[in-house]
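Chemist: This is the structure I want to talk about, given as structure tokens.
Here, each number is a calculation from the coordinates, and none is a lab measurement. These numbers come from a predicted model, not from an experiment.
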Ligand code: ACD
């Protein structure tokens, strides 16, 4: 069940995101924007079970629509074209992206009313914290 992820979340903290973007191969100018941006994450589910996850900011808004365990094509905020599959593992929502023979995973979990997104690429981990918007 993705129910606990549903809602509008506001980013309040970000750690090591610059290193994560470097590991992805994101160039300097885009990293500057990425480091400055505090996106909102909006998650909803329709009555067919299709999940919509939107990352909104003044710089860029991206949206993915998915069913769990079914791969789809994604264009990321830094413009990678990835094959992505979303799954649930022990209450964590996993987003596995593959492109050019590389792979990264974003693990999201809700604990103490906060949504924690761990962005992992090799040894590099960025941790981004979101809270429900009032
Ligand atoms: C999260 C983290 C998801 C981050 C995944 C990929 C983004 C990588 C680089 C983005 C860099 C710049 C794009 C410019 C602005 C948009 C910034 C929003 C970043 C999600 O879910 O928190």
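Chemist: For the chain, what is the calculated [θ] at 222 nm in deg cm²/dmol (nearest 500), taking -39500 (n - 2.57) for each run of four or more DSSP H residues and dividing by its residue count?
Modeler: -3500 deg cm²/dmol
Chemist: Let me ask something else about it. So between residue 57 and residue 103, what do we pick up on full extension, going 0.36 nm a residue minus the alpha carbon distance?
Modeler: Going from the current span to full extension adds 14.1 nm.
Chemist: Using 5 Å bins from zero, what percent of all Cα-Cα pairs in the chain falls into each bin?
Modeler: Whole-percent P(r) values from 0 Å outward: 2, 10, 20, 26, 24, 14, 4, 1, 0.
Chemist: Ignoring solvent entirely, what values of log10 I(q)/I(0) come out of the Debye formula for region 20-81 at 0.14 Å⁻¹ when each Cα is a single scatterer?
Modeler: Values returned for q = 0.14 Å⁻¹ are -0.48.
Chemist: To two decimal places, what compactness ratio does region 85-134 give when its Cα radius of gyration is scaled by 2.2 N^0.38 Å?
Modeler: 1.23
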